[in-house]
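Peer 1: Got a structure here, written out as structure tokens. Questions coming.
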Amino acid sequence: MRLDTLKVPRASELVADKLRSLIVDGVVHEGATLPSEKELVSQLGVSRATLREALRILESEGLISTKTGPKGGIMVQRPGSANLTRSLSLLLQLEETPFSDLLEARRLLEPICADLAAQRVTPAEMADLEGIIAQMRLTLDDTNAYVRQQLAFHLKVIAAAHNDVLRLYTLSVGELISARATQVGLSIEQRQIGLKVAEGILVALKTRNGKLAARRIELHLEAFETIIEKD
């Protein structure tokens, strides 16, 4: 009989697991301050080096931030989409994933969000979308400002789906694409078309027509892919 080698967790990983559980389970809330390093070392019965390694793990996960000085400390925070984006970006680079896969993933995910948004969008979110479109009209002559407003429109539609899993993955994929998209120049004609598309998506959301909203955003993303691939 052959037994597999046991993998014994390092002390720092066990400490990180313990503190992570307290945060995830809501025992320690966002914005709260953890005890000082000296107190944690005493309570957990570990060395300062082990504790600091555990804190580095949690900080890399976006669960805490450390500040020095009289008003500093170990602050509990909520990880943002940037944490997932960094991990996803690194994984995709290591896998040598082609950029076309990112575009395809976005084209598949965002229409689903638009369909759900038509069913779940709130009056406040609808007002926000109308405000963003108003800003898109005002920034048609400023490419960078227009692109920022167009991105804000997409992010708001995604958020209006009210599905955290879809939101995080779609935002992460979108942020990876945006890094390249910001380098692409849009002509005034393309910006005008983008504005018309956004207005059409808004109408579909107002009428609760999810299939139409999904189809319009899908066509918009396909057109965007054509532009970015030519650049």
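Laboratory data are not the source of any read-out in this text; all were calculated from the coordinates shown. Predicted model only: the values in this text are computed from it and were never measured. Note that we place each Cβ from the backbone using ideal geometry, even for glycine, and neighbour counts take in every protein chain shown.
Peer 1: Please sort 3-10, 138-145, 214-221 by packing, taking for each peptide the average over its residues of neighbouring beta carbons within 10 angstrom, highest first.
Peer 2: Descending packing order for the listed peptides: 214-221, 138-145, 3-10.
Peer 1: Further question on the same structure: Among 84-91, 51-58, what's the highest-first ranking by average C-beta atoms within 10 angstrom per residue?
Peer 2: Highest-to-lowest ranking by the protection proxy: 51-58, 84-91.
Peer 1: Normalising by the residue count of the range 82-230, find the relative contact order in percent from Cα pairs under 8 Å and 6+ residues apart.
Peer 2: RCO, the range 82-230: 38 percent.
Peer 1: Whole-Hz ³J(HN,Hα) for each residue in the range 67-84, computed from phi via Karplus 6.51 cos²θ - 1.76 cosθ + 1.60 with θ = phi - 60°, x for glycine and proline: what do you get?
Peer 2: 10, 9, x, x, 9, x, x, 9, 9, 7, 9, 9, x, x, 5, 4, 5, 5
Peer 1: Compute the FRET efficiency between Ser89 and Ala134 as 1/(1 + (r/R0)^6), taking r as their Cβ-Cβ distance and R0 = 41 Å, and round to the nearest 0.05.
Peer 2: It comes to 0.80.
Peer 1: Going by how many other beta carbons lie within 10 Å of each one, how would you line up Val197, Val15, fewest first?
Peer 2: By the 10 Å Cβ count, ascending: Val197, Val15.
Peer 1: Next up: Between Arg148 and Arg120, what's the calculated FRET efficiency when r is the beta-carbon distance and R0 is 35 Å? Round to 0.05.
Peer 2: Efficiency computed from Cβ-Cβ geometry: 0.90.
Peer 1: I'd like the FRET efficiency for Val24 and Ile227, computed as 1/(1 + (r/R0)^6) with the beta carbon distance as r and R0 of 25 Å, rounded to 0.05.
Peer 2: 0.05
Peer 1: For the residues His29, His162, His154, what sequence is obtained by ranking on other C-beta atoms within 10 Å, fewest first?
Peer 2: Exposure proxy ranking, most exposed first: His29, His162, His154.
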